[in-house]
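All remarks here apply to the structure that follows.
Read-outs: derived from the displayed coordinates by stated rules, not from any lab. Because the structure is a prediction, the values reported are computed rather than measured. Cβ: placed from backbone, ideal geometry, glycine included. Neighbour counts: every protein chain shown.
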Amino acid sequence: MLADLEAHGLEAVRRYSRKFDDWDPHGFELTPGQIQEAIGRLDPQVLRDTDFCQGNVRAFARAQLATLRPLEVELRPGVFLGHRHVPVGAVGAYVPGGRYPMFGSAQMSIIPAKVAGVESVVACTPPVKGQGWYPATINAMKKAGADRDPGDRRRRRGSGAGGL
């Protein structure tokens, strides 16, 4: 399968998506309009519950980050040792989906990355068989901070990369 994907790219992705997921979308990366449409289909209570959960995760991630401090010590004159915490530039987050969407994983993977200072988080999730994306997962991914570097988005359009 990996060799097929490497050799045939998006054509192979489409073939496997049709075979395993009964899903053949125009594109595998959601547009801002599709994201808003998915969020708009949700019951207001789901939106409030997601906000509540994400607020808790975000508060803990901030508190946790506050305990991680840089360290520099001069062991001998002119000999300095230590460490710094430098966020990576981009993170890929996988949010399990398919038969049993686990949108809580969006909170636990995307929020800590954004709180740590990661600039770009691309989140991916598999479709619900025959239906496409799961709206609660899309909402959780978006509200958690999944994004895409606009320059990167232009370079990858049509490449088969999925997610937000």
For this session: Report the equivalent ellipsoid semi-axes for the chain in whole Å, largest first, defined as the square roots of five times the eigenvalues of the gyration tensor built from alpha carbon atoms.
Result: 35, 22, 13
For this session: Choose one answer from V13, V95, V86: the residue with the largest mean-square fluctuation in a GNM of the chain with alpha-carbon springs under 10 Å.
Result: V86
Problem set entry | Most fluctuating residue given options F28, F60, F20, as computed from a GNM of the chain linking Cα atoms under 10 Å | F20
For this session: Between P112, P44, P87, find the one with the highest GNM mean-square fluctuation for the chain; connect C-alpha pairs within less than 10 Å.
Result: P44
Exercise. Quick one: R84, R62, fewest Cβ neighbours within 10 Å first, how do they rank?
Worked result: R84, R62
